[in-house]
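The values are calculated or read from the model by the stated rules, or taken from the named source; none is laboratory data. Since this is a predicted model, take the numbers as computed values, not measurements. Ideal geometry is used to build each Cβ from the backbone, glycine not excepted, and the neighbour counts take in all protein chains shown.
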């Protein structure tokens, strides 16, 4: 009986480690950016065309933000947020320029696979702000944050095979291409 109890305690300890807790920070800062986690309320408001909550935070919409990609992604972000009590960091974040407080994109994870600690990252920057290094800066910060969490072992990504900007970004951040098909390249970065 004691052996069973020890095994159950061991399993319970492993499960506790793998369950992400609500985020205990409200932003990540880089040299030029502020990364702010989306909340359910902000996502729903943006879908409804209401930016009052964003403005109340002192933020401004970038020239073309939210673009079609953000609007298409918001329902998935909402679905991920409905699975947790509050942002855990493993959902999506707004990318904000710290000098103008303009929202210029988003990035984040599509949840976490608890069995092996793998998360998949995605990112996007509005067209007016591309090729200025913002995506690399934001992704690097979020990758660093993710690997500081004990439950993360690997980060995966994918991009179109003709998206040279994303390919260069992933290579710069030491992701390794693991496979490719006729449309997409698949990448992986493992905890050191």
Of (1) in a helix (DSSP H, G or I); (2) touching a strand residue (DSSP E or B) at 6+ places or on another chain (Cβ under 8 Å), residue 41 fails just (2)
Does residue 65 qualify as being surrounded by 15 or more Cβ atoms within 10 Å (Cβ to Cβ), modelled with pLDDT of 90 or more, touching a strand residue (DSSP E or B) at 6+ places or on another chain (Cβ under 8 Å) and assigned to a loop (DSSP other than H, G, I, E, B)? yes
Yes or no: residue 101 over 21 Å from residue 187 (Cα atoms), surrounded by fewer than 18 Cβ atoms within 10 Å (Cβ to Cβ) and either touching a helix residue (DSSP H, G or I) at 6+ places or on another chain (Cβ under 6 Å) or modelled with pLDDT of 95 or more (or both)? yes
(1) modelled with pLDDT of 95 or more; (2) part of a helix (DSSP H, G or I): which one isn't true of residue 6, the others all being true? (1)
If we keep only residues of region 144-176 that are touching a helix residue (DSSP H, G or I) at 6+ places or on another chain (Cβ under 8 Å), under 26 Å from residue 115 (Cβ atoms) and surrounded by 12 or more Cβ atoms within 10 Å (Cβ to Cβ), then the residue modelled with the lowest pLDDT is 151
Test each condition in (1) part of a strand (DSSP E or B); (2) in contact (Cβ under 8 Å) with a residue 24 or more places away in the chain; (3) more than 25 Å from residue 99 (Cβ to Cβ) for residue 146 and report the one that comes out false. (1)
Of the candidates 77, 46, 95, the one satisfying the condition of being in contact with a helix residue (DSSP H, G or I) (Cβ under 9 Å, 6 or more places away or on another chain), farther than 25 Å from residue 133 by Cβ and crowded, with 20+ Cβ neighbours inside 10 Å is 46
Check on residue 141, part of a helix (DSSP H, G or I) and in contact with a helix residue (DSSP H, G or I) (Cβ under 7 Å, 6 or more places away or on another chain): no
Given the criterion modelled with pLDDT of 95 or more and either assigned to a loop (DSSP other than H, G, I, E, B) or within 17 Å of residue 123 (Cα to Cα) (or both), identify the matching residue among 78, 34. 34
